[in-house]
Amino acid sequence: MKIGFIGLGNMGAPMAANLAAAGHAVTGFDLAARPEGIAMADSAAEAARGAEVVITMLPNGQILRAVAAEVIPAMAAGAVLCDCSTVDVDSARAVAEQAEAAGLGALDAPVSGGVGGAAAGTLTFMVGGSEAAFDKVKPLFDIMGQKAVHCGAPGAGQAAKICNNMILGVTMIATCEAFALADKLGLDRQKMFDVVSTSSGYSWSMNAYCPAPGVGPKSPADNDYKPGFAAELMLKDLRLSQQAADSADADTPMGALASELYTRFVEDEDGRGRDFSAMLPRFEARGRS
Ligand code: NAD
């Protein structure tokens, strides 16, 4: 397939490389990055011209809207614009509307799995958009990832992503504060893990990504909390969840509090650049007030 790939940063570059390695004709464009092994165009429109699928992997919804306005007129009817960035639901829907009005297919297909998953081709895609557009891009999802779930209409992929990550942010905070409480109650961390990981408090945060060093499976906690999944990326997703909750009039008190705590952690408490599970040493160092 002829593919345009716009946004070749930490995630986009390995995703594009996997598509090229599978034999697809990939033309990339990025304002700054110049990854090796990908043919580069001089503009987003040029990368998109003649492509059957254009994939974008960009920092935020505002940039996505600007790039979409440039590439949609350059794309041929029937081609699909597939955005894999994590952006706000409103931007995802607005871009899909513009693309469909121009006779294109449109998908919002954010990912989970991080840079490691992008390099290994084991991402999970959560996809909103038409069945026809999903079917067309599915073979590409299969190269870049291990699972693609068609979640529904435009915006449904972003909705699934932020709901999932809101749960993740909240459960990570709950897991970390519980470890810090257990410490102060004199409960051994390994015993805490042994009980909770097999009891009703279990979660992915506890069982697969335990925030306590030396306890449970290997995780960023065992590597001095180097990310992993950086706290500022968790904060981005939590803010998107609260933006969506505002526009949909949804009551999300735990999500709001998680967003507030990660804001403090990232902006005032040296959390930036640390894994999001470094909430544990944060709680450990604090008292009740
Ligand atoms: P990144 O900052 O490494 O890459 C973004 C790239 O977009 C950069 O190379 C930048 O130069 C380029 N860019 C910005 N504006 C552009 C424009 N107008 N035209 C062309 N290129 C432009 O970010 P990343 O880590 O690759 O993340 C990309 C997206 O994936 C984000 O939405 C992020 O939330 C999401 N995501 C990231 C991870 C992760 O672990 N890094 C995990 C899941 C989802």
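Since every read-out is calculated from the coordinates, none of them should be taken as a lab result. Owing to the predicted nature of the structure, the values given are computational and were not obtained by experimental measurement. We place every Cβ from the backbone using ideal geometry, glycine too, and count neighbours over all the protein chains shown.
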- [ ] Compute the FRET efficiency between Val115 and Ser289 as 1/(1 + (r/R0)^6), taking r as their Cβ-Cβ distance and R0 = 35 Å, and round to the nearest 0.05.
- [x] 0.40
- [ ] Fewest Cβ neighbours within 10 Å first, please rank Thr263, Thr198, Thr122 accordingly.
- [x] Thr198, Thr122, Thr263
Task: 13 Å beta-carbon shell around Lys136, net charge (K/R +1, D/E -1) - done: -2
TODO: Compute the FRET efficiency between Ala250 and Ala132 as 1/(1 + (r/R0)^6), taking r as their Cβ-Cβ distance and R0 = 30 Å, and round to the nearest 0.05.
DONE: 0.50
Task: Net lengthening on full extension, Asp183/Ser200 (0.36 nm per residue, minus Cα-Cα) - done: 4.1 nm
- [ ] Could you work out the relative contact order of the chain, using alpha carbon pairs under 8 angstrom and six or more residues apart, expressed as a whole percent?
- [x] 13
Open item on the list: I need the GluC sites (Glu not before Pro) found in the stretch 1-81, filtered to DSSP loop residues with at most 12 other beta carbons within 10 Å of theirs.
Closed with: Glu36
Open item on the list: Strictly greater than 17 Å: what percent of every Cα pair in the stretch 105-157 meets that?
Closed with: 28
TODO: Compute the distribution of all C-alpha to C-alpha distances in the stretch 216-271, in bins of 10 Å from 0, and list the percent of pairs in each, rounded to whole numbers.
DONE: 23, 42, 27, 8
TODO: Would you calculate, for the chain, the mean residue ellipticity at 222 nm contributed by helices, counting each DSSP H stretch of 4 or more residues as -39,500 (n - 2.57) and dividing by all residues, to the nearest 500?
DONE: -15000 deg cm²/dmol
- [ ] Quote the FRET efficiency, to the nearest 0.05, computed for Gln62 versus Leu257 with a Förster distance R0 of 35 Å and r equal to the Cβ-Cβ distance.
- [x] 0.85
Task: Cα centroid of the stretch 96-111 to Cα centroid of the stretch 31-78, whole Å - done: 13
TODO: List, in order, the whole-Hz ³J(HN,Hα) value for each residue of the stretch 98-115 obtained from phi through the Karplus relation with A = 6.51, B = -1.76, C = 1.60 and θ = phi - 60°; use x for Gly and Pro.
DONE: 5, 5, 5, 5, 8, x, 9, x, 9, 9, 9, 9, x, 10, 10, x, x, 5
Task: trypsin sites (Lys or Arg not before Pro) lying in DSSP loop within the stretch 250-289, provided at most 16 other Cβ fall within 10 Å - done: Arg272, Arg286, Arg288
Open item on the list: Can you compute the modelled spin-label distance between Glu70 and Lys191, with each label point 7 Å from Cα toward Cβ, in nm?
Closed with: 6.0
Task: Charge dipole (the stretch 1-147, unit charges on Cβ, about Cα centre) - positive-most of Pro110, Asn10, Ala66 - done: Asn10
Task: Over the stretch 1-131: Rg over Rh, Cα atoms, Kirkwood Rh - done: 0.92
TODO: Find the Rg to Rh ratio for the chain, where Rh is the Kirkwood radius over alpha-carbon pairs and Rg uses the same atoms.
DONE: 1.02
Task: Length released on extending from Ala32 to Asp268, taking residue separation times 0.36 nm less the Cα-Cα span - done: 82.0 nm
Task: Cβ-based net charge around Ala182, under 13 Å, with every Lys or Arg adding one and every Asp or Glu removing one - done: -2
Task: Charge dipole (the stretch 244-288, unit charges on Cβ, about Cα centre) - positive-most of Gly273, Ala248, Ala258 - done: Gly273
Task: Relative contact order (percent, whole number), the stretch 1-147, Cα cutoff 8 Å, 6+ residue spacing - done: 21
- [ ] Evaluate the charge dipole of the chain about its Cα centre and quote only its size in Debye, nearest 20, assuming +1 on the Cβ of each Lys and Arg and -1 on the Cβ of each Asp and Glu.
- [x] 520
